[in-house]
Amino acid sequence: MTGYGWLPSILAEIAETAGLEAALKLAAERGGTEVYIPAACSDDHWLAACVGREAADRICRHFASGHGGISLRLPLGPQGSIAEMRRIADRMIAEGRPTSEIARAVGYTSRTVERRRARLRSRHDPRQGSLF
C-alpha cells in the first residue's frame, strides 16, 4: 500500500484498488459504519452511486470472498477526524465567521464553538511572563 500510508488501512486498500477519490468518497458518505460489499453490484446499488460503476466493480472484485461479499467497517477518514474538525473550526474562528456558521460546518454545538473561541483567545506564549 504505497503512497496511502496516511489513510487508515482499509481506506488505503480501497485507494490502491479503485483510486483515492473512491476511498475518500466512501469515507465521507459511509465512514464510521459497517457496510456490506457484495461480490458484484448493480447500477442502482449504493456503492455504485457513491463511487461510480467502474470503481464499485473494482472494489467488489477486490473484496469478493468466494461466493459472496464481505462486511467492512469503514473508518471516518481524514475529513471525519476530530483534529480536522478542530482545524476547520479554528480557521473559521480566525476568519471571524459567525458561531452558528462554524457550528453547522463542523457539526459542533454553538456552545462548543464559543468554548473553542475562548480557548483560542486565552492561549499565550509560554515564554511570556504574567503581569499578575
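The values are calculated or read from the model by the stated rules, or taken from the named source; none is laboratory data. Just so you know, these numbers come straight off a predicted model, no measurement behind them. Cβ sites come from the backbone with ideal geometry, for glycine too, and all protein chains shown count toward neighbours.
For the range 49-132, which helices (runs of 4 or more DSSP H) that fit wholly inside it have 2 or more residues that are more than 29 Å from residue 7 (Cβ to Cβ), not hydrophobic (A, V, I, L, M, F, W, C) and not assigned by TED's automatic domain parsing to the domain that holds residue 25?
Ranges flagged: 99-106, 110-122.
Sort out which residues of the range 38-52 are surrounded by 18 or more Cβ atoms within 10 Å (Cβ to Cβ) and at pLDDT 95 or above, and write them in order of number.
The answer is 47, 48, 51.
Considering only the range 1-18, state which residues are among the small types (Gly, Ala, Ser), surrounded by 17 or more Cβ atoms within 10 Å (Cβ to Cβ) and either in contact (Cβ under 8 Å) with a residue 24 or more places away in the chain or not in a helix (DSSP H, G or I) (or both).
Passing the criteria: only 18.
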